[in-house]
Structures are given as C-alpha cells and as structure tokens.
Amino acid sequence: MLIVIKGAGDIASGIAARLFRAGFKIVMTDLERPTSIRRTVCFSEAIRYGEFTVEDIKAVKADSSAKALEIAESGCVAVMADPDASVIGDVKPDAVVDAILAKKNLGTTICDAPVVIGIGPGFCAGRDCHAVIETLRGHYLGRAIYDGPAAENTNIPGYIGGFAGERVLRAPADGIFHTIREIGDMVKTGDAAGEVGGVPMLCTIDGALRGLLADGTPVHKGMKAGDVDPRGDASYCGFISDKALAVGGGALEAILKFTGALK
C-alpha cells in the first residue's frame, strides 16, 4: 500500500517512520530547499544529499514520479523536491498525509486519495480530510480526530525540560543564514548558534543544540532557525522525538481504520 506524505520535516519523518515500519511504501515531498530544523531526523535531508538515513530507515531522492515508485518498492523511503505534491496525481496513492504543518490547509482536499489525513491545525475532519491528528503537546497529543478540527495554533512551543518559547532560536534578520555551531553541540545562554548578515543568533538557554537550519538557507527576521533542548542530552538529536512518534501513531491508526473499511 502506497502513501504520499506532504512535508519531510521532523514530524512528517516521524509519521513516515511509523508507517514504513508498519509495512507501508512511502513517498515524501518537500521544498527544493527544505527549511527543516531537526535535520538529523528529517528525511528532507535526502533532497540535499541524495540519500539520508534516519535511525535505521534509508531515504533516497527521486527526480520523477516513476523513480519515486521504484525507490518505494525497493524498501527505501522516496523523497522528492515537489512542493506542489504533483506526484499524487501521477502515482494515485492509497492515502495522502498532509504533514506540512503550515497551520492552515494549503490545498489538500478529501478527494486527493481514498484516505486523506491532515496533521495539526488548519484541517477539519469530515470536510478537508478523513481524519486530523492532534499535534498540540498535552493530553490529546497524537489523538486521531474523525469529526471536526484539531486544536487551534497557540504559537507557543510545547514545554520540554521546563522551557517553551525560550527553546526556539529565530533568525535575527532577513538574509542568508550561516551556521556557527553544529546540531548536537552543547551551548550556553548567549552563545551564537548562527548568524545572518553578521547579526548573531544567540541561544537564550543552556542545553544541546537539537536543531539548526542548513547553512545558506534564505530566512526572514523571526523565522524559526534553531532549537535548544534544555535536557542537555546530545544523543536525543539522533532519534525521532516523542511528539513525532505520537503523531505518527495517530496517523497509523487512522489509515488502518479507513483502509480496513475500504476492503
């Protein structure tokens, strides 16, 4: 069974990992220049490198829909630079998962595939898609919603190690982002993790640098560009997060529910 996942960032990659390990064939789409932060656990890195492995799962870049199918059939995750997800019309997947996390629906419809799943705010189950998966940290994280929307976007990151918004690093200016540190580095408050046009992007808490935009990424002031984990365990940088796995579990539940009903 073939699934197309729109987006290949950390949450989308957690979903892909759950579905891949459950036996589904996966094709993912993203931007020509992905803006993923937690790049060590993002299949979007295959677009930059040609191949990329997250945990034990290998992803390979595809330059056509036919090649994507070939890669998916071979036992790898296929990743395409296809921001419009035109591959959906070419390969006719059994399910589509919109995991772009734009906080709004950018064009996904319930008619895109036999099963359509929306991830997070901006989708309404029964109207835009067959199910929505909750992404807000807390009691309902990962829950599959079959009627109605997910919780509205709060614009406040979830708490990790007692910190919320302080964890997020944002571009200090418009321009081209350049890295100073590497993902996995231990940082202190006031350390520069990157810079834009000579303006440093400073860490506001101590911890492990869990995420950082790729060097050379165009940014605008205030754009999310990094993430510090206050728990200070650099080994976490190499593993899919609890949130991504929870959301992936919800997507798996919904797909199994609806594909079972279609048989």
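The values are calculated or read from the model by the stated rules, or taken from the named source; none is laboratory data. Just so you know, these numbers come straight off a predicted model, no measurement behind them. With ideal geometry, Cβ positions are generated from the backbone for all residues, glycine too; neighbour counts draw on all protein chains shown. We work out accessible area using only protein heavy atoms, side chains counted, and drop any ligands, DNA or RNA first. Shrake-Rupley method; radii C 1.70, N 1.55, O 1.52, S 1.80 Å.
Only a single criterion out of (1) modelled with pLDDT of 95 or more; (2) open to solvent by 10 Å² or more (accessible area, probe 1.4 Å) is not satisfied by MET201, namely (2). Looking at ALA81, ALA113, ALA99, just one residue is in contact (Cβ under 8 Å) with a residue 60 or more places away in the chain and within 20 Å of the chain's Cα centre (by Cα), and that residue is ALA99. Looking across the stretch 1-11, just one residue is in contact with an Asp or Glu (Cβ under 7 Å, 6 or more places away or on another chain), open to solvent by less than 10 Å² (accessible area, probe 1.4 Å) and within 20 Å of PHE258 (Cα to Cα), and that is ILE3.
For ALA102, the conditions (1) buried (at least 22 other Cβ atoms within 10 Å of the Cβ); (2) in a loop (DSSP other than H, G, I, E, B) all hold with the exception of (1).
Out of LEU209, LEU252, which single residue is open to solvent by 10 Å² or more (accessible area, probe 1.4 Å) and over 14 Å from the mean Cα position of the chain (by Cα)?
On the way: LEU209 fails: open to solvent by 10 Å² or more (accessible area, probe 1.4 Å).
Result: LEU252 is the single residue among LEU209, LEU252 that is open to solvent by 10 Å² or more (accessible area, probe 1.4 Å) and over 14 Å from the mean Cα position of the chain (by Cα).
In the stretch 219-249, how many are open to solvent by 10 Å² or more (accessible area, probe 1.4 Å) and among the β-branched types (Val, Ile, Thr)? Here the count works out to 2.
When restricted to residues that are of a type outside the set (S, T, N, Q), over 15 Å from ILE37 (Cβ atoms) and in a loop (DSSP other than H, G, I, E, B), the stretch 167-215 contains 11.
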